[in-house]
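J.: Below is one structure. I have some questions about it.
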Amino acid sequence: MASVQKVQSYLAYWFQLGKPVVFQHSQTQCLPSPIFHGSQLSVAFHHCWQTILQNSADSFLRGTDESIADLLSDEWDIVDCARCVMPLPMLVHGVKSSPCPCGDLDSWPNSEVPQPRAGVCSSQQLDDIRQRLGDRLPDRRHQSPELSV
Ligand SMILES: [Zn+2]
């Protein structure tokens, strides 16, 4: 079973790539910013998480078929995508693995940029990642030393 922490971490990874949670019924979405406060999840993230919990059967990470309620059930676990090292849902008993949410991101996977991480990205680092995903031309001017590859 995917624990609350695992599902939160899963969402935090994908939020870092700009992928929102969509509330299907109301056609609204949530993408907290910032995602982290230091090494902790931010107030904005927890606010978004509360909204998700209130509508968990109706909340989907954009581009996925499993609701957040599904992920929090015994049926699903969170594993690493073989294609892009990002976390993705997988049925605990069964052969179906969900398509990775990376499927509709043309610019992902991209080995040229730092991988999103759990709980250690500053908002500046996230901006850098987003910028480089959106604009694939290398721009080393704003690169901080710990992001060097
Ligand atoms: Zn993937």
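The values are calculated or read from the model by the stated rules, or taken from the named source; none is laboratory data. In this text, all values refer to a predicted model and were calculated from it rather than measured experimentally. Cβ coordinates were reconstructed from backbone atoms using ideal geometry, including for glycine residues, and neighbour counts include every protein chain displayed.
J.: Does LEU88 satisfy being within 17 Å of PRO116 (Cα to Cα) and out of contact with any Lys or Arg (no Cβ under 6 Å at 6 or more places or on another chain)? Let's see the steps before the verdict.
T.: Working: within 17 Å of PRO116 (Cα to Cα): yes; out of contact with any Lys or Arg (no Cβ under 6 Å at 6 or more places or on another chain): yes.
When the stated conditions are applied, LEU88 passes them.
J.: Among the residues of the range 101-144 satisfying the criterion of being touching a Leu at 6+ places or on another chain (Cβ under 8 Å) and in a loop (DSSP other than H, G, I, E, B), which is modelled with the lowest pLDDT?
T.: Ranking the candidates gives GLY119 first.
J.: Please enumerate the residues belonging to the range 99-118 that are more than 17 Å from ASP80 (Cα to Cα) and hydrophobic (A, V, I, L, M, F, W, C).
T.: Answer for the range 99-118, where residues must be more than 17 Å from ASP80 (Cα to Cα) and hydrophobic (A, V, I, L, M, F, W, C): just VAL113.
J.: Across the range 11-28, which residue is surrounded by the fewest Cβ atoms within 10 Å (Cβ to Cβ) among those that are at pLDDT 95 or above and over 14 Å from the mean Cα position of the chain (by Cα)?
T.: Applying the filter and picking the extreme gives THR28.
J.: Further question on the same structure: What is the residue count in the range 13-71 for residues that are under 18 Å from ALA2 (Cβ atoms), outside any strand (DSSP E or B) and touching a Leu at 6+ places or on another chain (Cβ under 7 Å)?
T.: Looking only at that region, the number is 4.
J.: Select from the range 81-92 the residues that are assigned to a strand (DSSP E or B) and more than 12 Å from the chain's Cα centre (by Cα) and write down the one among them that is farthest from the ligand (Cβ to nearest atom). Show your work before the answer.
T.: The first filter runs over the range 81-92 and keeps only residues assigned to a strand (DSSP E or B), leaving 87-91.
Add one more test, that the residue is more than 12 Å from the chain's Cα centre (by Cα), and what stays is 90-91.
On the way: MET90: 12, LEU91: 17 Å.
Filtering first and then ranking leaves LEU91.
J.: If I filter the range 19-37 for residues that are in contact (Cβ under 8 Å) with a residue 12 or more places away in the chain, aliphatic (A, V, I, L, M) and farther than 23 Å from GLN131 by Cβ, do I get at least one hit?
T.: Yes, there is a match, as at least one residue in the range 19-37 is in contact (Cβ under 8 Å) with a residue 12 or more places away in the chain, aliphatic (A, V, I, L, M) and farther than 23 Å from GLN131 by Cβ.
J.: Between a residue in the range 98-110 that is under 15 Å from GLY18 (Cβ atoms) and any residue that is buried (at least 18 other Cβ atoms within 10 Å of the Cβ) and at pLDDT below 80, which pairs come within a Cβ distance under 7 Å, given they are 6 or more apart or on different chains?
T.: SER107/LEU133; TRP108/LEU133; ASN110/LEU133
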